[in-house]
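What follows is a single structure, written as structure tokens, with notes after it.
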Amino acid sequence: MPLSSTVAANAGAPRRVRPLARRLQRGDQIAHLITLIFAATIFIVTALLFYELYTGALLTRQKFGWSFLSGTTWDPVALEFGALPFIYGTLVTSALALIIGVPLGVGAAIFLAELAPLGVSDGLAFIIELLAAVPSVIYGLLAIFTLVPFLRDYVAPLLQSTLGFLPLFQGQSYGVSLLAGGSILAIMVLPFIISISREVLLAVPREQREASLALGATQWETTWNVVVPYAKAGIIGSIFLALARALGETMAVTMVIGNDPRINLSVFAPGYSIAAAIANEFSEATGDMHISALIELGFVLFCITIAVNAVARLLILTTTRKSGAT
Amino acid sequence: MKTLVSVGVLAFFCVSCADSERTQAEAPPADQVLINGAGATFPYPIYSKWFNEYHRKFPQIQINYQSIGSGGGIRQVTEGTVDFGATDGPMTDEQLKQAKTKILHFPTVLGAVVPAYNVPGVTQEIDFTPEALAGIFLGKITKWNDPELKNANAEVNLPDKNIVVIHRSDGSGTTYVWVDYLSKVSPEWKSKVGVNTSVNWPVGLGGKGNEGVAGLIKQTPNSIGYVELIYAIQNKMPYGKVRNSAGTPLKADLASVTAAAAGAVETMPSDFRVSITNAAGKDAYPVSSFTWLLIPSKIQDQAKKKVLKEFLQWMLTDGQNMVEALSYARLPKEVVAMEQKAIPEIE
């Protein structure tokens, strides 16, 4: 409301003679100030979040120190808290999500951008963007009723009979597992990878393709050797966006991961992720120490996300510099 | 023109703002009483029914209840941000000490927790001894045809399969009641795991909420877990019998849960903070529990104090007649009488 009244006031004022340049400059300053405030709020919110999490975790930081990160027991009765199983579960499910999701997603994006007819590409892109809007609890339900029995009855026996000598694929399979968490995350991050990668690939200038084709390259050689490297920074960006989403995903993961805070090498074993633990225990946590431990878990997740983003930035910087040099 | 439109819009907004402010300000006249409460999710259906009925009976009284969990209920009533709290597990001495005013516990209804399982090929009800349940959840009994289970279930054809234990992953009053029972029947559980709304489980998979546990049980062959009686009844889930302290195998129903509370009357402390798991009496279902309202003993606001006292009185009489329709077990009349004597403690 105040915005439109300012506009109205300005619109009603032009009869008063004032140097045009000065008026414009005033507008500039106002715009500068307003956008600066908007930009600053993001910084302030992040800083506040960091501060609140850091101070909220005071009790456990004092009691456990760094051993909070390496401890493997999570016992709300004896008030002994160690975050390692949760960190492990978070990282493993996210890694599994990327291992499954990146080849699928980038492959699909290449097909949609380079090979498919435009109508098909646009139609599929629309559906993929719809997938990104499905609430995570829906994915979780889907996972419980279809993915989990499928993994338990088909995938696990197959992997155990072929690659069963690896510790990764040993032990009893209940269905709910790190693998189930990773798989549902892969499905959930696919839309991000596909739609962003597709846009990036489509944005590669025509001249790049034409030059390559003129030199006698086949269409696939052009795609793989020219278009994809040109779009590398953007594709990596989409992967890290997907990773950030996977790290923080709560609902779908907690429904299928088994929620068992123990470290198991096998991907068929149940695990626990940081976000799932906070969502599960916070509402009924009564002791100060328990709450502090959960807040510190949140702080750890926050730090992991920041680290991942920093790595993504570095990676994009180095790859763009390299491709710029060649 | 632009100016005119924006002035018009402005005027409209101002009028509507003023309008909504006025209606808000007018809403509570002098005798209107608004009471806020928060806490346990388990009794939420009956509480919202009670508060609705009470509002219908006395339109000037509005009681709001947010089911944010027992932990949140205890925290908020301790800090005085709500007029009353609600919890599935009684407050500890330490928690009571933190509160500014003394907090009183008033049992409202009873709930129970039942063992639910999915053993392919078994259609009969399995009869669980306390030793069997403790052994299974400690990870010591790992096969369905373990002698401890077989001896109690001679006519059931239990398979030679590994038991998959399923528990709640979210902090919950249901877990509290279940592990409270296990720690009463098993000294080893008491020393190794203990009692809380969430514990460090020796074995098993975690499901979120009753529906999460029920879903996992349904999906996992040879599994066993625990859910609230009310959830099992409403979803027609099969569940097993549990042997009570007198050795009778009992399938939980509303009457046997009320009997558990009646069995605990003799040992009932005056503040009602009592666990009635493994209660005495041959009809008492052993995994039962009260759920409590938490009410500060000193209430400054006279109107609120009066309403809360009257509501408690109504809840203990007329209110109790509504609980069984929603699958809660009602309070035994001995407990009702004790609570009515305790209401004047609110000052």
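Values as computed for the structure displayed
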| item | result |
| --- | --- |
| Semi-axes of the equivalent ellipsoid for chain B, Cα gyration tensor, largest first, Å | 44, 25, 18 |
| The range A:31-76 versus the range A:242-285: alpha-carbon centroid distance in Å | 20 |
| Selected from A:90, A:41, A:73 as most flexible by GNM, with chain A as the system and alpha-carbon contacts under 10 Å | A:41 |
| With 5 Å bins from 0: P(r) over the range B:112-265, alpha-carbon pairs, percent | 2, 10, 19, 25, 23, 16, 6, 1, 0 |
| Cα extents of the range A:181-255 along the three principal axes, largest first (Å) | 53, 17, 13 |
| Solvent exposure ordering (accessible area, 1.4 Å, most first) of A:321, B:330, A:152 | A:321, B:330, A:152 |
| Computed Kirkwood radius, in angstrom, where 1/r is averaged over Cα pairs of the range B:234-341 | 15.3 |
| Antiparallel bridges, percent of DSSP beta bridges restricted to the protein assembly as shown (to nearest 5) | 60 |
| Max mean-square fluctuation residue, GNM over chain A, Cα-Cα springs under 10 Å, options A:158, A:33, A:168 | A:33 |
| Accessible area of the range B:144-254 divided out per residue, in Å², using a probe of 1.4 angstrom | 38 |
| Interface area, A with B, accessible, probe 1.4 Å, both sides summed, Å² nearest 100 | 2900 |
| Solution diffusion estimate, µm²/s, Stokes-Einstein, the range A:104-260, Kirkwood Rh from C-alpha pairs, 10 °C, viscosity 1.306 mPa s | 91 |
| Violating pairs (Cα-Cα greater than 32 angstrom) within the set A:63/B:143; B:49/B:102; B:49/B:100; A:63/B:218; B:57/B:298; B:251/B:333 | A:63/B:143; A:63/B:218 |
| Euclidean distance between Cα centres, the range A:107-186 to the range B:202-276, Å | 36 |
| Computed label-point distance, nm, for sites residue B:297 and residue A:138 using a 7 Å Cα→Cβ extension | 5.3 |
| Chain A - percent relative contact order, Cα under 8 Å, separation 6 or more | 25 |
| Check: the range B:247-347 dipole with +1 on Lys, Arg Cβ and -1 on Asp, Glu Cβ, in debye | 120 |
| Within straight-line cross-link reach of residue B:309, aspartates and glutamates at Cα separation under 17 Å, skipping those fewer than 8 residues along the same chain | B:31, B:53, B:83, B:271, B:301, B:318, B:339, B:345, B:347 |
| Over 48 Å [Cα-Cα, the protein assembly as shown], rounded percent | 31 |
| Stokes-Einstein translational diffusion, the range B:64-152 - Kirkwood Rh over all Cα pairs, 1.567 mPa s, 4 °C, in µm²/s | 77 |
| Percent of Cα-Cα distances greater than 33 Å, calculated over chain A | 46 |
| Lys, Arg +1 and Asp, Glu -1 on Cβ, resulting dipole of chain A about Cα centre, debye, nearest 20 | 1540 |
| Solvent-accessible surface (1.4 angstrom probe) belonging to residue B:51, in square angstrom, nearest 10 | 10 |
| Computed label-point distance, nm, for sites residue A:47 and residue A:321 using a 7 Å Cα→Cβ extension | 2.9 |
| Selection from A:73, A:148, A:247 lying farthest towards where the dipole of chain A points positive, charges on Cβ | A:247 |
| Helical mean residue ellipticity (222 nm; -39500 (n - 2.57) per DSSP H run of 4+; nearest 500) of chain A | -22500 deg cm²/dmol |
| Cβ-based charge dipole, chain B, positive-most Cα from B:108, B:54, B:239 | B:239 |
| For chain B, built as a Gaussian network whose Cα springs stay under 10 Å, the top-fluctuating residue of B:116, B:260, B:152 | B:152 |
| Helical segments meeting 24 Å axial Cα length and Kyte-Doolittle 1.6 threshold in chain B (DSSP H) | none |
| The range B:129-216: translational diffusion in µm²/s, Stokes-Einstein, Kirkwood Rh over Cα pairs, 10 °C, 1.306 mPa s | 117 |
| Overall Cα dimensions of the range A:120-177, principal axis frame, Å, largest first | 44, 25, 16 |
| For the range B:170-289, size of Cβ-based charge dipole, Lys and Arg +1, Asp and Glu -1, in debye | 320 |
| Mean shadow area of the range B:176-219 over all directions, Cα convex hull, nm² | 3.3 |
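The values are calculated or read from the model by the stated rules, or taken from the named source; none is laboratory data. All figures in this text were calculated on a predicted structure; none of them were measured in a lab. Note that we place each Cβ from the backbone using ideal geometry, even for glycine, and neighbour counts take in every protein chain shown. Just so you know, the surface numbers come from the protein's heavy atoms only, side chains and all, with ligands and any DNA or RNA stripped out. Shrake-Rupley method; radii C 1.70, N 1.55, O 1.52, S 1.80 Å.
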